[in-house]
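The values are calculated or read from the model by the stated rules, or taken from the named source; none is laboratory data. Computed from a predicted structure; not experimentally measured. Using ideal geometry, Cβ is built from the backbone for each residue, glycine included, and neighbour counts are taken over all protein chains shown.
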Amino acid sequence: MIRKDARLLLEVKGLRAKVGGAEIVKGLDLVVRAGEVHAIMGPNGSGKSTFAKTLAGHPAYEVTGGTAVFEGRSIFEMAPEERARAGLFLGFQYPVEIPGVSNSAFLRLAYNTLQPARGRDELDPLEFDDLAREKMKLLDMDPAFLDRSVNEGFSGGEKKRNEILQMALLEPRFAILDETDSGLDIDALRVVANGVNHLATPDNAIVLVTHYQRMLNYIVPDYVHVMEGGRIVRTGGKTLAEELEARGYDWVRAA
Amino acid sequence: MVSVAAKHPYIEALLKGYEAPRSGASWLDERRAQALERANALTVPTTRDEEWRFTDITPLTRLSFRPAAETKPLALSGLSRFIAPEAGARLVFVDGVFAPGLSATTGLPRGVVVSTLAAALDAHAGAIEPHLARHAEFEREVFTALNTAHLRDGAFIRVGRNCACPAPVQLLHVSTQKEAAAYPRCLVIAEDGSDCTLIEDYAGLGDAAYFNDAVTEVVVGAGARVRHARVQREAAGAFHIATCAVTLARDARYASHAVTLGARLSRFNLIVTQQGEGAEVQMDGLALISGRQLADTHTLMDHAQPHGRCRQLHKCIAGGAAHAVFNGKILVRPGAQLTDSSQQSRNLLLSDKAHVDTKPQLEIFADDVKCAHGATVGQLDAEQLFYLRSRGLSEGRARNLLTYAFAAEVVDRIPVPSLVAQLEETVLAQTQAAEPA
């Protein structure tokens, strides 16, 4: 929802980022206010995922220029965990499997790590179990996933649900969801999108990074940005996504 | 006092003042005399010996150890952190000497004997004689020879034919004295069809330099089952050299869970010999070391008969400038057909200076067998670390959690819940990075 008077959450200016020696993001600007849903679309290699990982602080991604201010703080001076505690969340395109760490222990640890910054109490295992089960209903997830190792042996769809479950538990102020739709069949996509919609509030913002327009049928963006060559080359409303779907990315390139 | 003419000055020093213990059993006197002769004849291994290639025991030979002096009585309360509450019986030895006041051997099921060797020698001579110092070979093993020459007491566990001992039996060896040498000894006889769980625990109080030269023999009868958890948590300055020799009869089942945490220098030899058809073995190992510790584990799975099955998983976690050594030998003797044996060695290095030597050694002399081995050495996974940090965990906490997860596979399989819980805490505490969580 676009409100002109909404609080500024994130302002990225002239961002440049390198990975493996190659500059992938080349001067990106983005302003996100509370209550908004943005979609960043673009062809493979346009820099969408690099942008997402750079915002979250992946150590392999090096910022070579520009600034990103999140709620008044320059996030590139913050460790990944500090960004998370400040309310930033990355939904991974490829969530990592961690054998030997139970999902419930991991989720509780992450949850409890974030609570002091919010002036809330940590939860003991029983209390947390209740909360996790309640949030899992939203994503139509079997509570058995709590007892398994983090993402180990999960299908693609289960991993993505587990990402959104983390978002539901951690209640970030700003979530960037990297290709959350990829690898999902239509039913799973509907469930995941429905979950995300439930989590959108006037106080937070969500940025969807996606290659396809498909997810935007379920999560309606306020803004659609098109990335190309490491920059946002076009910004529009929801109809821009439909136009892209119909005409392909070559249309943007030609423009 | 016997005259000592050891070939090596270090062994001479260890045998100085040696007095042959008096047992009253001529067969035992004889075995001790043989062992003493071997100890005198053998020399201290060096890194030129293939079996000691990666483990330099010079620091051990530089110190002179004496037999432990009379011990101050310890209070049980001071040992509570080492006591497994689920144990049905417990033998405690302090600096190698049996401590009856700390031990508990009452209320055992019928057919189960938990006693000191010295006390059992008369009543159970018929059971002990065929096994004591028969399984742990001392012809070529100087430390086994030294232990055997000093054999005067130890732990004795016997589970009678078709008897079960549902609660674990704990053997706790506590070391308190500086520069003392002790020779812990244990004999476990699980007769045909029996079932028991053993906890063998070496714990140090303080950080003294002392030397434990331990030998354990485990005899698993036909169709019997033994679960054997072994924890080495010696003091930081300690030296620990131990051999465990296990002999399996037909269809016996034996599971070893050996955890190495302590000592400045440790060596553990686990030798499992499958003397009957169809025995089943699980060999789990975990070494978690840091600082300047050296932990060496040598295992031998000897498939001497057909249809044996062994699953081995050995993990090392080395931080600081620690050095972990693993040598895992699988021997399939001629005729041991349809052996199914596998070995995995997984190693995690937590620092640039930590170091692991891992060596699988397969010697196969039968043609219809399945043997597999694999070894990996790595560091914590950068993507896993980032994933955890992106959820708010500090780098230190994330590293701990991943290290813990690496160890969990071995720890979680230990059949003593209190030990599992304790080791989980130890792993988390020991891997605690400089950064607070």
Listing of helices (runs of 4 or more DSSP H) fully contained in segment A:95-205 that carry 2 or more residues being within 12 Å of chain B (Cβ to nearest Cβ): A:103-114, A:156-170
Criterion: among the β-branched types (V, I, T) and under 16 Å from A:N103 (Cβ atoms) - qualifying residue of A:I186, A:I164: A:I164
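If you check B:L348, B:L401, which single one turns out to be crowded, with 19+ Cβ neighbours inside 10 Å, within 13 Å of chain A (Cβ to nearest Cβ) and assigned to a strand (DSSP E or B)?
B:L348
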Sort out which residues of segment B:410-436 are within 11 Å of another protein chain (Cβ to nearest Cβ), modelled with pLDDT of 90 or more and either buried (at least 16 other Cβ atoms within 10 Å of the Cβ) or more than 22 Å from the chain's Cα centre (by Cα) (or both), and write them in order of number. B:V410, B:V411
Can you confirm whether A:S74 is among the polar types (S, T, N, Q), surrounded by fewer than 21 Cβ atoms within 10 Å (Cβ to Cβ) and either free of Cβ contacts under 8 Å to residues at least 40 places away in the same chain or within 14 Å of another protein chain (Cβ to nearest Cβ) (or both)? yes
Tally up the residues in segment A:77-94 that are more than 7 Å from chain B (Cβ to nearest Cβ), in a helix (DSSP H, G or I) and surrounded by 18 or more Cβ atoms within 10 Å (Cβ to Cβ), please. 2
A:Y61 vs (1) in contact with a Ser or Thr (Cβ under 6 Å, 6 or more places away or on another chain); (2) in contact (Cβ under 8 Å) with a residue 60 or more places away in the chain: all pass except (2)
Provide a single number: the residues in segment B:387-398 that are crowded, with 22+ Cβ neighbours inside 10 Å and either facing chain A (nearest Cβ under 7 Å) or in contact (Cβ under 8 Å) with a residue 60 or more places away in the chain (or both). 6
Test: residue in segment B:150-167 that is out of contact with any strand residue (DSSP E or B) (no Cβ under 7 Å at 6 or more places or on another chain) and either among the β-branched types (V, I, T) or outside the structural domain of B:A252 (by TED's automatic domain parsing) (or both): no
Which count do you get for residues in segment A:25-66 that are crowded, with 22+ Cβ neighbours inside 10 Å, over 15 Å from A:T235 (Cα atoms) and among the β-branched types (V, I, T)? 3
